[in-house]
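**Student:** This is the structure, below, for whatever I ask next.
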Amino acid sequence: MKSIIMGLVIFCSIVVLFISGCEKDPPVKPGLNEKLKFNYSEYQLTLKNRLNDDKFSVFLKDSSFQYLDTLKDFYFARNFQPVFIKSFEQKDFIFLLLSVLKKADEHGLNPEQYYCSLIKQEFFSAIIDTINNPDKYIQLANSELFACYGILKYAYHMRYGVVNPTKIFLETYYLPVVDSSKRDLFEPLRQANILQYLQDIQPKNENYIKLQKALKHFNAYKNLEWKVIPVPDKKIEPGDKNSSHQLITNRLITLGSLDTSKVIIKDYSVYDSLLLNPVKKFQQLHGLKDDGVIGKSTIEKLNIAPEEYINKIKINLERFRWNNYTDTSIYIVVNIPDFRLYVIENKKELFSIKVCTGKRRAANYDKRFEVFKKTKRLNDKPDDWETPCVYSEISNLILNPTWIVPNSIIREEILAGIKKDSSYLDKKNFKVYRNGVEINHNEINLKELSLEYVPYKIVQDPGVGNALGKIKFMFKNPFGIYLHDTPSKAPFTYSNRAVSHGCIRVEKPIQLAEYILRNHPKWNIDYLKIEIGQKVEDKTKVAEYKQKRSALRKNASFGETTEITLEKKIPLFVDYYTAWVDNNGEINFRDDVYRQDKILMNYLFPEKISK
């Protein structure tokens, strides 16, 4: 008997579920839906018509987010059932959704690109307190579609960035980015709690969060009067008097480089010692030579308008959305605009070293390259020495390296050197080979050095004056670049150190090598120093190395040159940031050395470019 009763209960349950599943109109709570006589079927049909209405599609067409056709397919697959706006009684949801989307400005993004005003306008137009609104279902459908498309776009920007750098910087961006094509674009629309989902996908990178706070800080300057400080006729040094002294002091206070709770300026006419350290701090945070001397460069930085600071922060927030280093406990990062290499362990900076990077392209590079593509003449080809953004791993060190001169440098520099001085190759310790055979320097046909495919191989032997110095740090990349020592130390004193042919020159290669070899089973920094001819104070290390040298160099020696293979490779990121917050909580700004900020401006803020 019990089994019969249970069977009837199960049968009735199935019937109820079946009937419920066949209902076209889901049950609604009494209230606004009842008052406006909500009809789910009519709304569903309206939603279908709106998606297929070309005039409405114009509102959703967006060159930066081309997924409208896919959205149509998504709704078709669900028989045009709404995702979020399912009735007139969802005012609370609308307010909560808008509260999330409107915070896009905290990410340096314009909330209106996520249809905030249109979502609000259409939904509240639909629930006007009258039953005589003939467009209420159209307006409700509009709010649903604006909400869905806005959510998709917002989620995409948070997860992948507004733009894909590999599509913009085609030839120079080789850092890893998340491949959005392999992800479920409509994942946001499948969430049980979309509001929680939108909160959860906010970037968690510490660098990103700190830069967001900096954005908020600089937004406070928007409406401040920003008087232009005149450039002095001569540089201002401590003890000098200058009529702009108070303007400079006030600007340093505003920007946070001068703390008036710790330093009280009594005399605004004299540049005294109390102002020296704040000036140095400001110079350091802007990548200038921090000597405390106030010249043209320092005044130009002090005159940077708040909007320019804000735009630079927004651009770099976008860069931090592209990738994240936090999954890597130990890595090295080179920041090109900063001209500095950082060693990071467990998110903490251990030390940094000055570097030199590639020269920037000429301002007319693009036009000249278009000419070259047509003529194919080398004389029309513009120089391109910019250091690319890459990810790789430092795998080995080369001690006492030889330098095989690239054809581009042979054409651009070696040829000019020989024409200027016939003994140039001898003085620079170069050897010349043709078909694998060394030839005398006087056998070179200078005309052949200007060809695209130079028939000579020019090699600089190890030793004093070698362009690569005593150490090369090797990592695989499609550009043939590497980190290396250099005999040219003067550029490390420059503020702008974009002086190389693309490789990265390291000011203190021994310091970097010591870190890299810290856990090496065979080599240590003393052995390395001895191998490259540097003095080692501990004589026992010298004797020890002499005994081990043959074994250490076995299968890794090429004359004077020695290779050290690392058992554990070290991740290396060569990246490009012009604004970031350092470990001391200070916001740093750098010049846009390769004009990449300018390119991103066109994509992120097209409305500002058109003004």
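The values are calculated or read from the model by the stated rules, or taken from the named source; none is laboratory data. Computed from a predicted structure; not experimentally measured. Virtual Cβ from ideal backbone geometry, glycine too; neighbours counted across all protein chains shown.
**Student:** Can you report the number of residues in region 143-162 which are surrounded by fewer than 19 Cβ atoms within 10 Å (Cβ to Cβ) and not basic (Lys, Arg)? Steps first, please.
**Tutor:** Step one: filter region 143-162 for residues surrounded by fewer than 19 Cβ atoms within 10 Å (Cβ to Cβ), giving 159-160.
If we keep only those that are not basic (Lys, Arg) as well, we get 160.
Number satisfying all stated conditions: 1.
**Student:** Return only the number of the condition from (1) touching a residue at least 60 places away in the same chain (Cβ under 8 Å); (2) over 21 Å from Ser500 (Cβ atoms) that Lys367 does not satisfy.
**Tutor:** (1)
**Student:** Is region 471-483 home to any residue that is over 24 Å from Thr578 (Cα atoms) and without any contact (Cβ under 8 Å) to a residue 60 or more places away in the chain?
**Tutor:** Initially, region 471-483 is screened for residues over 24 Å from Thr578 (Cα atoms), giving 471-476, 478, 480.
Restricting the remaining residues to those that are without any contact (Cβ under 8 Å) to a residue 60 or more places away in the chain gives none.
No, region 471-483 contains no residue that is over 24 Å from Thr578 (Cα atoms) and without any contact (Cβ under 8 Å) to a residue 60 or more places away in the chain.
**Student:** Please list, ordered by residue number, the helices (runs of 4 or more DSSP H) wholly in region 100-198 having 1 or more residues that are touching a strand residue (DSSP E or B) at 6+ places or on another chain (Cβ under 9 Å) and under 30 Å from Thr357 (Cα atoms).
**Tutor:** Values: elements: 116-126, 136-160, 165-168.
Passing ranges, in order: 165-168.
**Student:** Does Ser495 satisfy the criteria of being touching a Lys or Arg at 6+ places or on another chain (Cβ under 6 Å), in a loop (DSSP other than H, G, I, E, B) and touching a residue at least 12 places away in the same chain (Cβ under 8 Å)? Walk me through how you get there before you give the answer.
**Tutor:** Numbers: touching a Lys or Arg at 6+ places or on another chain (Cβ under 6 Å): yes; in a loop (DSSP other than H, G, I, E, B): yes; touching a residue at least 12 places away in the same chain (Cβ under 8 Å): yes.
Taking the combined requirement at face value, the residue satisfies it.
**Student:** Tell me which residues, restricted to region 56-80, are loosely packed, with under 15 Cβ neighbours inside 10 Å, within 23 Å of Ser41 (Cα to Cα) and of a type outside the set (Gly, Ala, Ser).
**Tutor:** Asp73, Phe76, Arg78, Asn79, listed by residue number.
**Student:** Pick out the one residue from Asp267, Asp259, Asp290 that is surrounded by 15 or more Cβ atoms within 10 Å (Cβ to Cβ) and acidic (Asp, Glu).
**Tutor:** On the way: Asp267 fails: surrounded by 15 or more Cβ atoms within 10 Å (Cβ to Cβ); Asp259 fails: surrounded by 15 or more Cβ atoms within 10 Å (Cβ to Cβ).
Answer to the check: Asp290.
**Student:** Same structure again: Filter region 413-453 down to residues that are of a type in the set (D, E, K, R) and within 22 Å of Gly469 (Cα to Cα) and give me whichever is surrounded by the most Cβ atoms within 10 Å (Cβ to Cβ).
**Tutor:** Within region 413-453, the subset of a type in the set (D, E, K, R) is 413, 419-421, 426-428, 431, 434, 438, 443, 447-448, 452.
Those still in the list that are within 22 Å of Gly469 (Cα to Cα) too: 413, 426-428, 431.
Details: Glu413: 13, Asp426: 10, Lys427: 10, Lys428: 18, Lys431: 14.
Going through the qualifying residues, I end up with Lys428.
**Student:** Search region 315-342 for residues that are within 17 Å of Gln511 (Cβ to Cβ) and pair each with any residue that is among the polar types (S, T, N, Q) and in a strand (DSSP E or B) when their beta-carbon atoms are under 7 Å apart and the residues are at least 6 apart or on different chains.
**Tutor:** The qualifying pairs are Phe339/Thr357; Arg340/Ser352; Leu341/Ser352; Tyr342/Ser352.
**Student:** Output the number of residues of region 483-492 satisfying the condition of being outside any helix (DSSP H, G or I) and loosely packed, with under 15 Cβ neighbours inside 10 Å.
**Tutor:** 3
**Student:** I've got another one for you. Assuming Tyr309 fulfils every condition listed in (1) farther than 30 Å from Asp272 by Cβ; (2) under 17 Å from the mean Cα position of the chain (by Cα) apart from one, which condition is it?
**Tutor:** (1)
**Student:** What number goes with the only condition from (1) in a helix (DSSP H, G or I); (2) surrounded by 12 or more Cβ atoms within 10 Å (Cβ to Cβ) that Gly469 does not pass?
**Tutor:** Of the numbered conditions (1) in a helix (DSSP H, G or I); (2) surrounded by 12 or more Cβ atoms within 10 Å (Cβ to Cβ), the odd one out for Gly469 is (1).
**Student:** On to the next question. Just checking, which of Lys91, Lys86 is under 22 Å from Phe74 (Cα atoms), more than 37 Å from the chain's Cα centre (by Cα), surrounded by fewer than 20 Cβ atoms within 10 Å (Cβ to Cβ) and assigned by TED's automatic domain parsing to the domain that holds Arg50? Let's see the steps before the verdict.
**Tutor:** Details: Lys91 fails: under 22 Å from Phe74 (Cα atoms).
On inspection, the qualifying residue turns out to be Lys86.
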